[in-house]
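Everything below concerns the one structure shown next.
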Amino acid sequence: MAAETLVPSSADEAVELFGDGDDITVFAGGTTLMPEIAAGRLKPARALLLHRSGLDDLRTDGDVTQMGPMVTVAALADGADELLARFARQVGDREVRAGATVGGNLCASAGLGSQRGDLGAPLIALGAHVRSTGKGGERSEAVEDFLAGERSGRLMLGIEYDRPTGAWSAQTLRRRHAHSYAIANVAICSSGDGIRVGVSGVGPAAVRCRSVEQSRNAEDVLKDVDPVDDAVATADYRRRMLIVLVRRALDEVESA
Ligand SMILES: Cc1cc2nc3c(=O)[nH]c(=O)nc-3n(C[C@H](O)[C@H](O)[C@H](O)COP(=O)(O)OP(=O)(O)OC[C@H]3O[C@@H](n4cnc5c(N)ncnc54)[C@H](O)[C@@H]3O)c2cc1C
């Protein structure tokens with residue numbers, strides 16, 4: 001599979017083996033990577049396999065939820081956090097969700113004809129923080145900042161967020177058949193500090209929509225998000241539907 005295969009048996013060992021991340025391809029569930037290898041498009045020099053690293057802990061302590069990047073999408077789909085579960089249940093099918101991980105979901109780049117990273121929208125709306133390591137050492141940052149940075153040079157170690165205290169809304173649009181990828185996803189959470197708006201599935205990474213948070217005007221979503229054309233939908237269709245989804249989400253949260 002790779003010239004060198006590294007299989008850490010603890011989080012500390014994974015951090016040590018990852019180092020600065022040079023020449024390393026991180027394997028989580030492998031649902032995006034294995035097809036690339038099978039097709040001959042990916043030939044990793046060094047593969048870091050995380051399945052024995054113990055980075056799959058999911059726990060809620062009081063109002064705080066912490067999870068390792070190896071928590072499966074299936075576990076989130078069956079989990080207690082209904083906002084995250086709504087998006088997790090839509091990823092792939094039962095078999096894909098059983099192998100797919102939350103870390104892989106956030107770190108995956110766009111596919112050949114579709115966007116990935118559906119879980120970015122709810123995690124942004126929840127105000128999640130990501131802990132990662134790589135060049136410059138360990139750091140924790142808002143998930144939207146992690147996604148906007150150079151993800152390939154980082155090893156994700158954990159995700160943390162507070163249980164939502166106010167109303168929330170989950171809006172997704174996709175074609176009605178198995179294995180359909182998202183056309184657009186919108187998640188909004190409200191709290192005493194206002195609202196947080198996350199959008200995913202319209203481009204290569206999920207984005208926080210501060211313009212909508214400030215104005216509460218759905219059309220402002222296009223100030224923060226630049227939808228792409230792919231095999232699933234045109235950019236123009238995404239732009240139109242995104243405004244509809246944001247409006248629905250705002251209405252739902254404001255009328256709760
Ligand atoms: C049939 C099918 C349907 C799918 N449908 C959807 C869908 O509806 N929505 C969607 O969002 N995705 C979909 N996917 C894509 C994919 O399955 C998911 O995004 C999944 O969550 C990826 O997780 P993984 O663990 O398999 O990632 P992997 O394939 O193992 O890795 C994905 C990327 O993330 C990197 N990575 C993984 N873990 C880490 C880490 N801890 N730190 C740093 N980098 C890391 C890898 O190096 C790689 O670049 C689908 C895939 C298939 C095959």
Report task. May I ask you to give the average projected area over all directions of the convex hull of the Cα atoms of the stretch 1-97, in nm² rounded to one decimal? Result -> 7.3
Report summary line: For the chain, the longest principal axis of the Cα atoms and the Cα long axis of helix 235-254 enclose an angle in degrees, to the nearest 10, of 70
Report task. Loop only per DSSP, at most 13 neighbouring Cβ atoms within 10 Å: give me the trypsin sites (Lys or Arg not before Pro) in the stretch 168-230, ordered by residue number. Result -> Arg175, Arg176
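With n ≥ 4 as the cut-off for DSSP H runs, can you work out [θ] at 222 nm for the chain, using -39500 (n - 2.57) per run divided by the number of residues, rounded to the nearest 500?
Computed mean residue ellipticity for the chain: -8000 deg cm²/dmol.
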Requested in this report: From the C-alpha gyration tensor of the stretch 191-253, pull out the three semi-axes of the equivalent ellipsoid (sqrt of 5λ each), sorted largest to smallest, in whole Å.
Outcome: 21, 12, 9
Query - Dimensionless Rg over Rh [the stretch 104-256; C-alpha; Kirkwood] - result: 0.97
Report task. Give the distance, in whole Å, between the Cα centre of the stretch 1-35 and the Cα centre of the stretch 135-213. Result -> 24
Query raised in the report: Using only the Cα atoms, what convex hull volume per residue in Å³ does the stretch 75-166 have?
Result: 102
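Expressed as a rounded percentage, what relative contact order does the stretch 191-256 have, with Cα pairs under 8 Å and six or more residues apart?
Values: 65 pairs, mean separation 15.8, N = 66.
Rounded, it is 24 percent for the stretch 191-256.
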Report summary line: Asp226 and Arg240 label points (each 7 Å along its Cα→Cβ direction) are spaced in nm at 2.3
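What percentage of the solvent-accessible surface of the chain, computed with a 1.4 Å probe over protein heavy atoms, is contributed by carbon and sulfur atoms? Provide the component values of the computation, followed by the final result.
On the way: 5520 of 12110 Å².
Within the chain, the accessible surface is 46 percent carbon and sulfur.
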Report summary line: The Kirkwood hydrodynamic radius of the chain, taken as the inverse of the mean 1/r over all distinct Cα pairs, in Å, comes to 18.4
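The values are calculated or read from the model by the stated rules, or taken from the named source; none is laboratory data. Computed from a predicted model, the values in this text were never measured in an experiment. Virtual Cβ from ideal backbone geometry, glycine too; neighbours counted across all protein chains shown. Surface accessibility is based on the protein's heavy atoms, side chains included, excluding ligands, DNA and RNA. Shrake-Rupley method; radii C 1.70, N 1.55, O 1.52, S 1.80 Å.
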